[in-house]
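The values are calculated or read from the model by the stated rules, or taken from the named source; none is laboratory data. Just so we're clear, the structure is a prediction, and the values are computed from it rather than from any experiment. Cβ: placed from backbone, ideal geometry, glycine included. Neighbour counts: every protein chain shown. What goes into the accessible areas is simple: the full protein's heavy atoms, side chains included, and nothing from ligands, DNA or RNA. Shrake-Rupley method; radii C 1.70, N 1.55, O 1.52, S 1.80 Å.
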Amino acid sequence: GRVLVAQGRRDEGLAALRRAAEVEPGYARHWNSLGAELCERREFAAAEAPLRQAIAIVPAYARAHYNLGYVLDNLGKTAEAIDCYRR
């Protein structure tokens, strides 16, 4: 999915990222990648759940915390965003 996105085939990449998360739901990186791509598309409300899932799987996943902080900030949830950035 990330390769397709990097090649500019963003819709195919998003579909592949969603499929990866379905096939291997216990792998936090799939969820973070999905959330990051949704964030790149400025679909902040949709990006929140996959990022929270990544953190639920790996609570110390720093990149997912950062990404979630960015999403929450864009959703107007500033206090929660600051907490994510601190983690």
Using label points projected 7 Å from each Cα along Cα→Cβ, tell me how many nm separate Arg52 and Ile82, to one decimal. 2.1 nm
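If you average 1/r over every pair of different alpha-carbon atoms in region 1-64 and take one over that average, what Kirkwood value in Å do you get?
The answer is 11.4 Å.
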Computed, not fitted: 222 nm per-residue ellipticity of the chain from DSSP H runs ≥ 4 (each -39500 (n - 2.57)), nearest 500, equal to -24000 deg cm²/dmol
Taking a probe of 1.4 Å and leaving out DNA, RNA and ligands, the chain shows per residue an accessible area in Å² of 59 Å²
Out of Pro50, Leu38, Tyr66 - ranked by how far each Cα lies towards the positive end of the dipole of the chain, with unit charges on the beta-carbon of charged residues - the top one is Tyr66
Quick note, region 27-87: a/c under 1.5 would make it rounded; otherwise a/b > b/c is prolate and the rest oblate (a ≥ b ≥ c, C-alpha gyration tensor); here it is oblate
